[in-house]
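In what follows, a structure is listed as structure tokens, so that the remarks can point back to it.
Please treat every number below as a calculation from the coordinates, not as lab data. What you see is a predicted model, and the numbers here were worked out from it, not measured in a lab. Neighbour counts are summed over all protein chains in view; Cβ atoms, including those assigned to glycine, are modelled from backbone coordinates with ideal geometry.
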Amino acid sequence: MNLMMRRRIATQLFAFILLAAALAIARPPQEAEPTAVDRQDRLAPFVPTPEKVVTEMLRFAGVDKTDRVYDLGSGDGRIVITAAQKFHAEAVGVELDDDLYRQSTERIAALKLQDKAKILHMNMYKVSLKPATVVTLYLLTSVNERLKPILERDLRSGARVVTHDFMIPGWEAEKSLDVMSEEGISHKLYLYVRP
Ligand SMILES: C[S@@+](CC[C@H](N)C(=O)[O-])C[C@H]1O[C@@H](n2cnc3c(N)ncnc32)[C@H](O)[C@@H]1O
């Protein structure tokens with residue numbers, strides 16, 4: 001192999017490494033496109049938390065600018081957006097549905113909240129919650145039950161979990177709160193604090 005060929009191969013290799021590095025930066029390792037198997041894990045439909053209840057959930061958990069809030073099954077991104085916009089927290093949503101992921105990501109961009117808020121397009125059963133100080137859930141009791149090992153594995157001591165209407169089986173809530181929505185419908189919130 002002559003010198004010219006060696007140089008060309010070295011240049012191509014360098015370009016390939018640069019491209020691989022750029023792709024790795026663009027897509028954090030945690031965020032992998034949902035697979036067909038992941039999509040079978042869509043165990044809860046999109047039912048949004050009313051805006052007033054969203055604010056009360058975050059207030060109930062005492063969210064402030066030092067918090068990192070994760071909303072599992074983030075729907076249209078309303079909890080993530082409110083946590084970043086009104087409570088100045090860092091906020092991450094996890095959403096499996098393609099349209100809801102796209103809509104919420106576009107809304108975050110339109111509101112110029114990208115520095116504080118983002119949505120991961122993935123199965124929530126595969127997310128690492130190690131960075132979270134607060135987790136919000138509006139999911140069925142059976143879904144909460146299946147999330148329990150992940151919450152117990154990842155959440156640090158003192159991390160708070162707020163659930164809307166559905167409890168986490170086997171965990172004892174610190175307190176609960178009844179909130180009236182804009183439409184006059186009563187919603188129950190539960191606050192859990194990791195020991
Ligand atoms: C009841 S909605 C709650 C939406 C939002 N958190 C709120 O309170 O307004 C549940 C959401 O979970 C999403 N979801 C269901 N299973 C999921 C999974 N395995 N991974 C990620 N998202 C999921 C659904 O697509 C839906 O948007």
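The alpha carbon radius of gyration of the range 58-161, expressed as a multiple of 2.2 N^0.38 Å, is 0.99. Between the residues THR141, VAL161, VAL179, the greatest Cα displacement towards the positive end of the dipole of the range 139-195, with unit charges on the Cβ of Lys, Arg, Asp and Glu, is found for VAL161. What net charge do the residues around LEU96 carry, taking every other residue with its C-beta under 9 Å from that of LEU96, with Lys and Arg at +1 and Asp and Glu at -1? Net of charged neighbours comes to -3.
Estimated at 0.36 nm per residue, the fully extended path between ARG153 and SER128 surpasses their Cα-Cα distance by 8.1 nm.
Modelled label positions at ARG59 and GLU183, each set 7 Å beyond Cα in the direction of Cβ, lie 2.1 nm from each other. Distance between the modelled labels on LEU111 and SER176, one decimal in nanometres: 2.9 nm (7 Å Cα→Cβ projection).
Considering only Cα-Cα distances, which of the following residue pairs are longer than 23 Å: LYS116/LYS148; LYS86/LYS118; LYS118/LYS175; LYS116/LYS188; LYS86/LYS148?
From the list (LYS116/LYS148; LYS86/LYS118; LYS118/LYS175; LYS116/LYS188; LYS86/LYS148), the Cα-Cα distance tops 23 Å for LYS116/LYS148; LYS118/LYS175; LYS116/LYS188; LYS86/LYS148.
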